[in-house]
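J.: Starting off with a structure, shown below.
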Amino acid sequence: MISIMLLFWARVNDQRFLLHHFECSNLPPLPFRQAFECGTSSTTLVSAARFFQHSRYRLLQNGCLADAATAAGRVLLRSQLLHLHGQLQPLVQYELRTWLEEVGPHSVVVGHTISERPDGEAPVDLCHAWATLVFVDAHGLVMDVPKGSQLKELAMPSRDTQHGAPLVRSLEDPKDRIGEVPVNCWSHQSIVAAVDLDMDGRVHEAACLAHMDRWRFWVAKHNGYPVEMKDRVLQARVSGAYVSYLGLVGAGDSIQVRSWLRTSTQEGTIVAAFEVQGGRDEGGPKALVLRGCMFLSLLRQDEQLASKL
C-alpha cells in the first residue's frame, strides 16, 4: 500500500498553519493504494491528476476556499498544468501538498506537489501542478472571487526551483502551447460515456488526460502524425500536460477530436496537441470544449512501452 500524506497550507500574517493533516491510508476512496495506480509515466500523470482533483474538492468543501465556494453558484476548473519528474511506485510513502498559489480578480490558482522523502534526505518532488479555478454565479456568469481580499492574505506563491528550472506556469495562453489547428490534421468522432462522468454529470477532469493519452496512441498507430515520428511518439515518456477547459459535455454527447504535433522550445521534447468540440446532436453544431497538449520526452522512453511496441 502507498501511504499518502495530504497537507493543506495557508499563510496568515506571515505564519504558516497546517489546515489538514491526515494519513490517506485510512481513507479507502483515495487512489494510490494499489499497484494498478502505478505503471508508465501516463499512469502516473492520470493518478496524480485524480489526487489533485480530490484535494481541490476538499479545499472547496472544508478548506480555505470553502466560504468563497459557498458564495458562488459553481466553481469550475479553467485550466491545469502538470509537470512530471518521476513515476509513482507501489509501497512507497509519498506526501501530497495543496496550497493557494495566487488570487486574481476572477480566478484563483491552486498549487500541488507529490513528493517522496527518502530516509534522512530532503524531499524529492515527483509531480508539480497548478490549476486555475473560476467562480460563476447562478446564471453561469463569471463573478469576482468572493472574499478575494481575504484570500490574498493566504496565498503562497512558489519561488523555489526544481530540477534546474524555475517553477514557471502560464495557464491562460493555450495558443502559445497548442497553436492553431492545422488544415487536414487527424480528426475523430466519439461519444461521451457515463464511466467518465463526475457527481455533477460532467466529464472528470482527469478523464480528459487519460483520453488525450489514448488519442495520441490511436493517431500514431494510424499514421495521423508524420510517419517518421510514429515509433518515437508511441514510446515517448510523458513529461507533462496542459488542459484548458472551455465547455461542458455529458453522457451521450457527440465530440469531435483533432490532434497534431508541435515542436517544443525544450530540446528533445515534442508536443501532441488536441482540440475537442462537442454537442448534443451528432450531426449538429459543436462548441469548443477543450484545448490541451501532452509534453512527450523523446530522449527518454517508458521501459514498459519500449519492450512491448
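Quick note: the coordinates plus some simple rules give every number you see, no bench work behind them. Keep in mind that what you see is a predicted model, and the values were worked out from it rather than measured. Glycine gets a Cβ as well: all are built from the backbone with ideal geometry, and neighbour counts include every protein chain shown.
J.: Would you please give the FRET efficiency between Val142 and His188, computed as 1/(1 + (r/R0)^6) with r the Cβ-Cβ distance and R0 = 35 Å, to the nearest 0.05?
T.: 0.65
J.: Take the Cα of Leu298, step 7 Å along the line toward its Cβ, and report every residue of region 212-237 whose backbone nitrogen sits under 13 Å from that point.
T.: Inside the label zone: 226-237.
J.: Let me ask another. Going by average Cβ neighbours within 10 Å, how do the peptides 83-95, 118-130, 231-243 rank, with the highest at the top? All intermediate terms of the calculation are to be shown ahead of the outcome.
T.: Working: 83-95: 17.6, 118-130: 15.2, 231-243: 21.7.
Those peptides, ordered most packed to least, come out 231-243, 83-95, 118-130.
J.: Of Glu180, Glu275, Glu102, how do they rank once you tally other Cβ atoms within 10 Å and put the fewest first? Numbers along the way, then the final one.
T.: Numbers: Glu180 9, Glu275 23, Glu102 19.
Final ranking by Cβ density, sparse to dense: Glu180, Glu102, Glu275.
J.: Going by how many other Cβ atoms sit within 10 Å of their own, how do Cys64, Cys38 line up, fewest first? Present the calculation step by step, with values, prior to reporting the outcome.
T.: Values: Cys64 23, Cys38 17.
The most exposed by this proxy come first: Cys38, Cys64.
J.: Turning to a different aspect of this structure: Full extension from Asn62 to Arg74: what is 0.36 nm times the residue separation minus their Cα-Cα distance, to one decimal in nm? Walk me through the intermediate numbers first.
T.: Details: separation 12, 0.36 × 12 = 4.32 nm, distance 1.55 nm.
Stretched fully, the Asn62-Arg74 segment lengthens by 2.8 nm.
J.: Can I ask one more? Work out the length of the dipole vector of region 180-268 about its Cα centre, built from +1 on the beta-carbon of each Lys and Arg and -1 on the beta-carbon of each Asp and Glu, and round it to the nearest 20 debye. Provide the component values of the computation, followed by the final result.
T.: On the way: 9 positive and 10 negative charges, 69 e Å.
My answer is approximately 340 debye.
J.: With +1 on the Cβ of every Lys and Arg and -1 on the Cβ of every Asp and Glu, and nothing else charged, how large is the dipole of region 85-165 about its Cα centre, in debye rounded to the nearest 20? If you can, show how the numbers build up before the last one.
T.: On the way: 5 positive and 11 negative charges, 32 e Å.
Approximately 160 debye in magnitude.
J.: Can you tell me, using C-alpha contacts under 8 Å and at least 6 residues apart, the relative contact order of region 174-306 as a whole percent? Write out the running numbers ahead of the final one.
T.: On the way: 257 pairs, mean separation 41.0, N = 133.
Result for region 174-306 is 31 percent.
J.: How big is the gap, in Å, between the Cα center of region 238-291 and the Cα center of region 52-68?
T.: For region 238-291 versus region 52-68, the Cα centre distance is 27 Å.
J.: With unit charges on the beta carbons (Lys and Arg positive, Asp and Glu negative) and the dipole taken about the Cα centre of region 195-309, which residue among Leu246, Gly268, Ala210 sits farthest to the positive side?
T.: Comparing the listed Cα positions along the dipole, Gly268 ranks first.
J.: Given the Cα-Cα distance of Glu116 and Gln256 and 0.36 nm per residue of separation, how much length would full extension add, in nm?
T.: Details: separation 140, 0.36 × 140 = 50.40 nm, distance 3.92 nm.
Result: 46.5 nm gained on full extension.
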